[in-house]
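Before any comments, here is the structure.
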Amino acid sequence: AAKKLGQIHRKVARQRTDHAHKSALGLLRAAEVIAVEDLRIANMTKSPAVKPDPEQAGGFLPNGSAAKAGLNKSILDAGWGVFLAILTSKAESAGRDVIAVDPRNTSRTCPQCGHVSGANRTTQAGFVCLTCGYAANADVVAASNIKRAGLVLRDARAA
Ligand SMILES: [Zn+2]
């Protein structure tokens, strides 16, 4: 069973790497410049600190560990770090830029008017600006903010 499990893990890892290579090539064919969130995966995958409950000896307050564990798992499953390494290496060979931008507020900033608020996020997938009413898919909002930030950084370097 252990041998079989090892084979399955290696197969999944191979498929993931293969998928990362194909995705990276697709992006490099489609775009001159690629901007990504600098997620500092090492920090994100650390477990949240335990908070002792001051009201109750020996008790603990919820620390969002369960929700964070789900996010960590999805990042690790997607092999984001491996993907970025592959993408960056291919981009270098192709003479293209991969620009890592500060991930703060990318999903909370309105691309139309610049208003920043966590309340702009109506659901995990939904974004509605409280100031100007701009509405879009939250991932699309984050992507357009990352792109704009990336282009600003690129222009600043070129200047
Ligand atoms: Zn707005």
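The values are calculated or read from the model by the stated rules, or taken from the named source; none is laboratory data. As the structure is a computational prediction, the values presented were derived from the model and not from experiment. Cβ coordinates were reconstructed from backbone atoms using ideal geometry, including for glycine residues, and neighbour counts include every protein chain displayed. Heads up: the accessible areas ignore ligands, DNA and RNA and are worked out on the full protein's heavy atoms, side chains in. Shrake-Rupley method; radii C 1.70, N 1.55, O 1.52, S 1.80 Å.
One table, with the values for the structure above:
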{"read-out": "Pairwise label distance in nanometres, K4 with R154, each label 7 Å out on the Cα-Cβ vector", "value": "5.0"}
{"read-out": "Spin-label model distance (nm) - E92 vs A119, 7 Å beyond Cα toward Cβ", "value": "4.6"}
{"read-out": "Heavy-atom accessible area order for L25, L130, L39, L5, largest first, 1.4 Å probe", "value": "L130, L5, L25, L39"}
{"read-out": "Surface share of carbon and sulfur [accessible, 1.4 angstrom probe, percent] for segment 102-159", "value": "56"}
{"read-out": "Formal net charge of residues neighbouring R10 (Cβ-Cβ distance under 14 Å; K, R +1; D, E -1)", "value": "+4"}
{"read-out": "Net charge, H21 excluded, C-beta distance under 15 Å - Lys, Arg +1, Asp, Glu -1", "value": "+3"}
{"read-out": "Two-site FRET efficiency, L130 against A31, from Cβ-Cβ distance with R₀ of 35 Å, rounded to 0.05", "value": "0.65"}
{"read-out": "Within segment 74-135, trypsin sites (Lys or Arg not before Pro) in DSSP loop having at most 15 other beta-carbon neighbours inside 10 Å", "value": "R104"}
